[in-house]
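Below: one structure, written as structure tokens.
The values are calculated or read from the model by the stated rules, or taken from the named source; none is laboratory data. Note that the structure is a prediction, hence the values are computed from the model and not measured. Neighbour counts are summed over all protein chains in view; Cβ atoms, including those assigned to glycine, are modelled from backbone coordinates with ideal geometry. Please note that ligands, DNA and RNA were not included when accessible areas were found on the heavy atoms of the full protein model with its side chains. Shrake-Rupley method; radii C 1.70, N 1.55, O 1.52, S 1.80 Å.
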Amino acid sequence: NLSTMEGSYVLDTIPPDIQFSIGHQNFVDGAPVSSNPQISALIADDNGVDLFVRKPELSISYNDGDFTPVLASEYRLDIQPGSNQAVLNYSPTLQEGKYELQLLVYDTDGNMSKESTTFYVHKTLHLQDVMNYPNPFLREGTHITFEITSEVDEVEVKIYTISGRLISVIHPVEHIGFIMAYWDGRDADGNEVANGVYYGKVTVKKEGQKKTEIVKMMKLR
């Protein structure tokens, strides 16, 4: 458990760092995900991650039940030679419900980390928490944010003047979970809009379903 530093020995007591993410969305703990999420865990340690003697242990819980080990054949470990990082990739097929994923890893000095993350799979489509910040906003623009509870086929944000004239259309790349659509305060021709009130119309579509919400925005200076 000793590492060298400038000719002396230093005891390594720092465990590996684990960061969860899910592809194609801005993932935060407790967020909704698709029924086929692309889950990744970035594992990093300055002195190296142990991937061979004490292999990573991945387990999953469904609806607050017991944790079930995930077989090594069900996930993939991507390792870069000479790197102090590894990426675990897991792409399960999930039914509706609450899930908790837990990962236990060791570094090469025997320090252990255990991290978990919770997420949900929903069948019902909801578009919720539509807002923008900052509001009022200045020349730097504003972010229109919202959450989609299940994966959709299309996400569209249209910006209108107070008189109802369409001036800009935004198509976020993310189609589930927490979404941030940035509007730079300009129209489709790239011209900065005048001070005043504008409306953002958020529309999501999925298999014939359509949900729409409106957010009112104020531009100053």
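Descriptive notes on the structure:
- What the phi angles of segment 154-160 give under the Karplus curve with 6.51, -1.76 and 1.60, with θ = phi - 60°, is a coupling list of 8, 10, 9, 10, 10, 9, 10 Hz, glycine and proline written as x.
- Protein accessible area in segment 102-221, 1.4 Å probe - carbon and sulfur %: 47 percent
- Under 5 Å, built H, 5+ apart or other chain: amide partners of Asn26: Phe178
- Segment 173-221: relative contact order in percent, alpha carbon pairs under 8 Å with at least 6 residues between: 31 percent
- Taking a ≥ b ≥ c as the square roots of the eigenvalues of the alpha-carbon gyration tensor, segment 100-143 is classed oblate because a/c is 1.5 or more while a/b is no larger than b/c.
- Taking θ as phi - 60° and the Karplus parameters 6.51, -1.76 and 1.60, the scalar couplings of segment 83-90 work out to 8, 9, 10, 9, 10, 9, 10, 9 Hz in sequence order, x denoting glycine and proline.
- R0 of 41 Å, Cβ-Cβ distance Asp78-Ser163: FRET efficiency to nearest 0.05: 0.20
- Here Rg/Rh (Cα atoms, Kirkwood Rh) was calculated from the structure, and among (i) 1.09; (ii) 1.11; (iii) 1.00 it sits at label (ii).
- Heavy-atom accessible area order for Leu104, Leu88, largest first, 1.4 Å probe: Leu104, Leu88
- Nonpolar atom fraction for segment 43-94, defined as the carbon and sulfur part of the 1.4 Å probe accessible area, stands at 48 percent.
- Of Met217, Met180, the order by accessible heavy-atom surface (1.4 Å probe, DNA, RNA and ligands excluded), from most exposed downward, is Met180, Met217.
- Using θ = phi - 60° and Karplus 6.51 cos²θ - 1.76 cosθ + 1.60, couplings along segment 20-30 (whole Hz; Gly, Pro as x): 8, 8, 10, x, 6, 7, 7, 7, 10, 4, x
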